[in-house]
Amino acid sequence: FVQPVWQLTDEAQHTDVLAQYAHGVYPIEGVTTLRPETVAIMVTTGNYRWSPPETVPRPAVVDPAQFGPPPPYLSGSQFKLWVRRHIWWFSYEAMQPPLFYALATPVWAAGYDAGGPFAAVYAVRVLNALFLAWLGPLTLATAWLLAPGRRLLALLAVTLTAFLPGLLLNGSQVTNDTLGAVLGSACVLVAARLVRGPWSWRGSLLLGVLFGLTLLAKLTDAGLAIGLATAWAWPALKLRAPWRHQLAVGAASAAVALLVMLPWLLLNVFVYGHPVPSPEAAKLLGAGTSGATYTFAQSLNYAFQTFWTGEHKDSLPYTGVMVAVMLGLGLVAAVGLSRLLRGTAWLRVERGVLIVLFAALMGQAAWALAVPATSGLGGMAPGRYLYPVVAAAMVLFAVGLWSRVRSTGWVV
């Protein structure tokens, strides 16, 4: 409730998709412009782009009736300049998959009817806070699965998740990241449960449904596939599960995930001519971020910082101190985790579960760092792209830290 409206991580654009849905409009990337309700909040708050109010000049045109496509005679650098100046008036989150917006539109509409556009924003923020709360039990279950009986360790993992500022800041605004994080964490948990033996048909079908729903919430969660593939291969490689059975249940799981996504993919074929509107997003958002180049090291640093603090870290005090502290603790946790992976630590954990959690984290991290360049969207990888594995990440962080500190004799 104390976050400013708009929160600058595209909250206005996510809210606008809800407004479009509430008015029976399926927004089209690069074509659909903001609704009057969205612009009204922009005018009231002074937030039009990605900058805080009063830090950039107010735009000359704020009447939605005057919003329109780029002039057809523009090309090259002129087109990019026009987009950078006018991108804010497009509903540019229109390329997102529809699950979150389908679930949240009734809440937005009820809030709007009760108190106008500001009430609608806060109503969806409450909905996302309720979604976010599921990460508590998901983290707890993941910790119990990895280290059965270690209650203090599980409590540490849940505490880290519950008080992670970046997650709270980003997850309790209007965004589809929250639902993607919850469903992604559920996917990893189910996969980690399945790794302990041959996959059951029920578990594999459940995992397929969950992964399909996760991608229908947030496509940037696709990096989870590395962890799921590891969970599928481990029983056959290490536990001598029959390959024929694993192939059958794995294929069924993948088919179910595709089936869950199929309606949206077919709708995109009808609207855009192809299953995923990546070219349209790259044309608009890529032009909006053109001119800024970042090295891999810069992107990695940005992802690490904003994972802990959120993308607009000035919203919270002492975030620089927190990043420094977490960097130090992270190095200690990394040492402990490396010993666990090698099997040389005193702490005994379920090895298959450990490998799956680690593979999911590394796969999602690699995917997150690759998305800005491979998608054509530009910019740096934000830390919120790692929130689909936040439960696994906090459990691994806690286990690694606990293992290393405990071995020194500092704690008993």
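The values are calculated or read from the model by the stated rules, or taken from the named source; none is laboratory data. Predicted, not measured: the structure shown is a model, and the values here were computed from it. Don't worry about glycine lacking a Cβ; one is built from the backbone with ideal geometry, like all the others, and counts go over all protein chains shown. Heads up: the accessible areas ignore ligands, DNA and RNA and are worked out on the full protein's heavy atoms, side chains in. Shrake-Rupley method; radii C 1.70, N 1.55, O 1.52, S 1.80 Å.
For the reader, a short list of remarks on this structure follows.
- Translational diffusion of region 289-412, µm² s⁻¹ [Kirkwood Rh, Cα pairs; Stokes-Einstein; 4 °C; 1.567 mPa s]: 82
- Net charge of Cβ neighbours under 14 Å - reference Ala94; Lys, Arg +1; Asp, Glu -1: -3
- Counting only alpha carbon atoms, the long axis of helix 177-194 and the longest principal axis of the chain meet at about 20°.
- Projecting the alpha carbon convex hull of region 238-332 along each direction and taking the average yields 11.9 nm².
- Top positive-direction residue, dipole computed over the chain with Cβ charges, set His274, Ala297, Gly330: Gly330
- Percent of Cα pairs in region 306-374 per distance bin of 5 Å, from zero to the largest separation: 3, 13, 15, 18, 19, 16, 10, 5, 0.
- Ser200-Leu259 pseudo-label distance in nm [points 7 Å out on the Cα-to-Cβ vector]: 1.9
- In plain terms, the chain from Val2 to Ala324 could stretch by 113.4 nm, reckoned as 0.36 nm per residue minus the Cα-Cα distance.
- Here the convex hull built on the C-alpha positions of region 54-135 has a volume of 185 cubic angstrom per residue.
- Ellipsoid fit via the Cα gyration tensor, region 213-254: semi-axes of 24, 12, 5 Å, each the root of five times an eigenvalue, largest first.
- Between Pro165, Pro242, Pro279, the Gaussian network model of the chain with springs among Cα atoms under 10 angstrom shows the greatest mean-square fluctuation at Pro242.
- Counting only DSSP H runs of at least 4 residues, each contributing -39500 (n - 2.57), and dividing by the residue count of the chain, the helix-based mean residue ellipticity at 222 nm comes to -21500 deg cm²/dmol.
- At q = 0.22 Å⁻¹ the log10 of I(q)/I(0) for region 68-108 amounts to -0.75, computed by Debye summation with a single uniform scatterer per C-alpha, solvent ignored.
- Most mobile of Leu152, Leu164, Leu401 in a GNM of the chain (Cα contacts under 10 Å): Leu152
- Nearest-10 value in Å² for the accessible area of Ser338, using the 1.4 Å probe: 40
- GNM result for the chain, Cα springs below 10 Å: residue of Tyr387, Tyr318, Tyr48 fluctuating most strongly: Tyr318
- Zero-based 5 Å bins, Cα pair distances in region 195-295, whole percents: 2, 12, 17, 18, 14, 11, 10, 8, 6, 3, 0
- Computed from the alpha carbon atoms alone, the convex hull of the chain holds 149 Å³ per residue.
- The figure for His23 is an accessible area of roughly 90 square angstrom, using a 1.4 Å probe on the protein chains alone.
- Cα centre as origin, Lys/Arg/Asp/Glu Cβ charges: region 173-266 dipole, Debye: 460
- Cα extents of region 190-236 along the three principal axes, largest first (Å): 30, 19, 12
- Within the full protein context, the accessible area of Asp10 is estimated at about 30 Å² for a probe radius of 1.4 Å.
- Between the residues Gly136, Val395, Ala255, the greatest Cα displacement towards the positive end of the dipole of the chain, with unit charges on the Cβ of Lys, Arg, Asp and Glu, is found for Val395.
- Among the chymotrypsin sites (Phe, Trp or Tyr not before Pro) found in region 163-212, those both in a DSSP coil and sparsely packed, with 12 or fewer other Cβ atoms within 10 Å of their Cβ, are Phe163.
- Rounded to the nearest whole angstrom, the semi-axes of the ellipsoid equivalent to region 127-195, taken from the Cα gyration tensor as √(5λ), stand at 22, 15, 7, largest first.
- Where the Cα pairs of region 1-155 fall when distances are cut into 5 Å bins, in %: 1, 8, 15, 18, 16, 12, 8, 7, 6, 4, 2, 1, 0, 0
- For region 214-314, the set of trypsin sites (Lys or Arg not before Pro) satisfying both a DSSP loop assignment and a count of at most 11 other C-beta atoms within 10 Å is given as Arg240.
- Principal axis dimensions, region 75-212 - Cα atoms, whole angstrom, descending: 58, 39, 27
- Distance distribution note for region 5-58: the fraction of Cα pairs above 13 angstrom is 57%.
- Note: relative contact order over the chain, using C-alpha pairs below 8 Å and six or more positions apart, is 21 percent.
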